[in-house]
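J.: Pasting a structure below so you can have a look.
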Amino acid sequence: MRSLLYVMTALGVIGLAFWAYQENYRTQDSLKEVRQLNRQIASANARLRMLQAEWAYQNRPDRLRDLAELNFDRLGLLPLMPDGFGRVDQVAFPMVLPSELGRVIEVSSDGDAEVTE
């Protein structure tokens, strides 16, 4: 009976050693993956900082002003001036006729649209 207990204890220790061995290598693999992900995150953050700096450089007011002047004939852009802004009550909104508010547009499945008054 004692020898069976010794054999079972030895098998238990061997089993636990095998389990600990596997867990050790799984942990090392997980740590390698975490280090790799941290390197990727650091690289992505560095790229993001570089893109933000480039965005700020490209949107400098003096550069945009020069581009607006350079492409005035083609785009018709005017420089921003403090007196170039207005109030909302100065905007001329298009008039909506009451007859247009009551229009119903029925659309069928074959793509034909029908306007009813």
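Read-outs: derived from the displayed coordinates by stated rules, not from any lab. What you see is a predicted model; the values in this text were computed from it and never measured. Note that we place each Cβ from the backbone using ideal geometry, even for glycine, and neighbour counts take in every protein chain shown.
J.: Rounding to the nearest 20 debye, state how big the charge dipole of region 13-87 is about its Cα centre with +1 on each Lys and Arg Cβ and -1 on each Asp and Glu Cβ.
T.: On the way: 11 positive and 9 negative charges, 38 e Å.
With Lys and Arg at +1 and Asp and Glu at -1, about 180 debye.
J.: State whether region 2-82 is rounded, prolate or oblate according to the following rule on the C-alpha gyration tensor (a ≥ b ≥ c being the square roots of its eigenvalues): a/c under 1.5 gives rounded; otherwise a/b larger than b/c gives prolate, and the remaining case gives oblate. Walk me through the numbers before you get to the answer.
T.: On the way: a/c = 8.92, a/b = 8.67, b/c = 1.03.
It is prolate, given that a/c is not under 1.5 and a/b is the larger ratio.
J.: So if each residue of separation counts as 0.36 nm, and I subtract the Cα-Cα distance between M1 and L48, what length gain in nm does that give? Let's see the in-between values first.
T.: Values: separation 47, 0.36 × 47 = 16.92 nm, distance 6.92 nm.
Roughly 10.0 nm would be gained on extension.
J.: Stretched out fully, how many nm does the piece from E33 to Y21 gain, at 0.36 nm a residue minus the Cα gap?
T.: Contour length minus Cα-Cα distance gives 2.5 nm.
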